[in-house]
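Working notes for the structure below.
The values are calculated or read from the model by the stated rules, or taken from the named source; none is laboratory data. Fair warning: this is a prediction, and the values are worked out from it, not measured in the lab. We place every Cβ from the backbone using ideal geometry, glycine too, and count neighbours over all the protein chains shown.
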Amino acid sequence: MSQTLRLYIQAMTGRSVTIQPLNHLPDRVGVNDGKTIYLPAAISEFGDEEADFKLYKVLAAHAAGQMEFGTYAGDLPELRTLADELRREYRTSVSESSADAITFSTILALMPDREWAERVFTTIENGRIDFLLRHHYRGLRRDLDAVRQWMRARRPPLEELSPADRILELLFRLALLGGVSEDVRQRFPQLVTFLENVLDRFVRRVEATVADSLRAAHVILRLLRAEGAAREAEASSEGASAEESPAATEPEMGEQPVPSRALTERQPHPADRLEPFNFWIRRHHDPERFEWEHLQDSPFAEELEQQELEPGDQAFYYEEWDHELADFRTAWCRVIERPARRGPRHFVQSVRAQYGPMISSIRHQFQLLRPEALQKIRGEWDGEEFDLQAVIDYALDRRTSGRVSERLYVRRLRRQRDVAVSFLLDMSSSTARTVAPRSARMGAPRPSKRIIDIEKEGLVLMSEALEAVGDRYAIQGFTSEGRHNVKFYIIKDFDQKYSPEVEARIGGITYQNNTRLGAAIRHATARLVQQEARTKLLIILSDGRPYDHDYGDARYAREDTKIALRQARMAGVIPFCITIDRESEIQLRDMYGEVGYTIIDDVLSLPERLPGIYRRLTR
């Protein structure tokens, strides 16, 4: 095998090389003799000799490319210039004799957090080598593409990675796997764009050198370490003279170009079990130290700190209106849809006990809304039976005027209400507020209740009413912790029956965080428009105004909510808000004036008033 690969590399590059097993790496790996390639001793990833050999060829080509394209070059003027800049920037003094050649290893030693610098640089340098292999050896592209496809299917899920490892994984996909999916781009729009710009500026050029890879790594490290926008601008100006190339064929996987002993001794990344050659991507022995020490002030910290998805979660991305920009922020909010947690069923049982007579009355009223099963349609051209009155008229008209109508039949049509409704429940922390009954304020000994519990009582009464009339309905709740973590709970879905499971979920509803109303409305609308119904109604139960910690000013939240409601109406959904916040009536009129709202002064009357409001909306 090694002899075949040696001849292959010699034919490809014109260089005579020696191939050694990876475990024969010398201690001084920063110095390469330009004649030795280190490869895994064995590869059996495909279980197919031809496919495994193709993988070997790609690894060998990458290793040869490291030598041909100067990964181990020393004393380049660009390297000396970069070394001087780093010494000044970080005020470091590395002992260096005049005889020592400056290599990539010298530069990495000058960067803070050497371990992280190695990881970033190695990925970028692999991308440069891959780009040049594709440019100079076009016959190799098919094999490179095949291995890229194989690698792409075996990358670790981003949700399972720490924020620091997420950065490197995104960089790896952009530099070596041809890019990221549209879903990933929507989740990390700013970070992906930043990394792409760095790669395009520094390494996706035919004339790029190892010094350019080091500069790219430095720009990424400097910005991610949040060392100041001024320094980032300086780094950009340093690379501004470099000639940018249009987006060429993106690079793909590659063999380790910088065989560092420190890297090979780390604990393997989970993906390494599938990629024995991919040992340059490792977890830190102390990853948390780096993440929170260096990333928490990063301009991308908000994207990186997205809460991990739980089993059963689904993530959706929605735009958000910025009234100052007068435009949408694309894929700005992440809505996490998940089943609501179960709680005690006795909550629903206690509501039934408390409102028993009212529930019976509501069920009776809503049963009257249910149309008769069949409706007679007279005067039809055909049907199941004759319309006796039409037959008599036909006979009389024929004798008198001769002008007759042949609409002599009766048809029976099945009638049904065609309504789908979503109840969207505000689960923000403000719903924990306790409200005293009016009679209690006048001295009667009636207990106070939390707003969230009053809303839950209203949902129980509405469920009883809707079960009586037969309308399709869903119950959903929402809360938020910033634009990346808008939680959307499915308490009852349209196709679910009102069951003990749903009752337990209603019992489990509790207050949580903030109220990013626009994102929740957009997601509820997206789910509602999928229902096949003539009337689609979105009823929002909220205790007041939208708020989230990263909304900015209050007007931003109001304007986005107004636009979200307008979008819902344009999609064929009828939004309606029920709120208890009389103090902000002017703002409510501004937000909901186009679609409709009502303010309930006596909060405790919400459960009994909710069915009446619904009945009026669906007449």
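Values for this structure:
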| item | result |
| --- | --- |
| Selection within the stretch 129-143 - surrounded by 24 or more Cβ atoms within 10 Å (Cβ to Cβ) and either among the aliphatic types (A, V, I, L, M) or out of contact with any Asp or Glu (no Cβ under 7 Å at 6 or more places or on another chain) (or both) | Ile129, Phe131, Leu133 |
| Criterion (closer than 29 Å to Gln367 by Cβ and surrounded by fewer than 23 Cβ atoms within 10 Å (Cβ to Cβ)) met by exactly one of Leu588, Leu604 | Leu604 |
| In the stretch 516-534, the residues that are among the aliphatic types (A, V, I, L, M), assigned to a loop (DSSP other than H, G, I, E, B) and either buried (at least 20 other Cβ atoms within 10 Å of the Cβ) or touching a Gly at 6+ places or on another chain (Cβ under 8 Å) (or both) | Val529 |
| Enumeration of residues in the stretch 308-330 that are in contact (Cβ under 8 Å) with a residue 60 or more places away in the chain and assigned to a loop (DSSP other than H, G, I, E, B) | Glu308, Leu309, His323, Glu324 |
| Residue check, Lys562 touching a helix residue (DSSP H, G or I) at 6+ places or on another chain (Cβ under 6 Å), among the charged types (D, E, K, R) and either part of a loop (DSSP other than H, G, I, E, B) or within 24 Å of Arg363 (Cα to Cα) (or both) | no |
| Any hit, the stretch 185-206, residues being among the aliphatic types (A, V, I, L, M) and closer than 17 Å to Leu55 by Cβ | no |
| Pairs with Cβ under 6 Å, 6+ apart, first in the stretch 8-24 and outside the structural domain of Met67 (by TED's automatic domain parsing), second of a type in the set (A, V, I, L, M, F, W, C) and modelled with pLDDT of 70 or more | none |
| Counted residues, the stretch 544-555 - those being surrounded by 19 or more Cβ atoms within 10 Å (Cβ to Cβ) and over 22 Å from the mean Cα position of the chain (by Cα) | 2 |
| Whichever residue in the stretch 331-378 is modelled with pLDDT of 85 or more and in a loop (DSSP other than H, G, I, E, B) and, among such residues, is farthest from Gly508 (Cα to Cα) | Tyr355 |
| Helices (runs of 4 or more DSSP H) contained entirely in the stretch 75-173, each with at least 1 residues that are in the same structural domain as Leu195 (by TED's automatic domain parsing), basic (Lys, Arg) and within 21 Å of Ala211 (Cβ to Cβ) | 77-90, 114-136 |
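One line per residue, one yes/no per condition, for (1) among the aliphatic types (A, V, I, L, M); (2) in contact with a strand residue (DSSP E or B) (Cβ under 8 Å, 6 or more places away or on another chain); (3) in contact (Cβ under 8 Å) with a residue 24 or more places away in the chain:
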{"residue": "Thr123", "(1), (2), (3)": "no, no, yes"}
{"residue": "Asp130", "(1), (2), (3)": "no, no, yes"}
{"residue": "Arg138", "(1), (2), (3)": "no, no, no"}
{"residue": "Arg142", "(1), (2), (3)": "no, no, no"}
{"residue": "Trp150", "(1), (2), (3)": "no, no, yes"}
{"residue": "Arg155", "(1), (2), (3)": "no, no, yes"}
{"residue": "Leu158", "(1), (2), (3)": "yes, no, yes"}
{"residue": "Arg173", "(1), (2), (3)": "no, no, no"}
{"residue": "Leu176", "(1), (2), (3)": "yes, no, yes"}
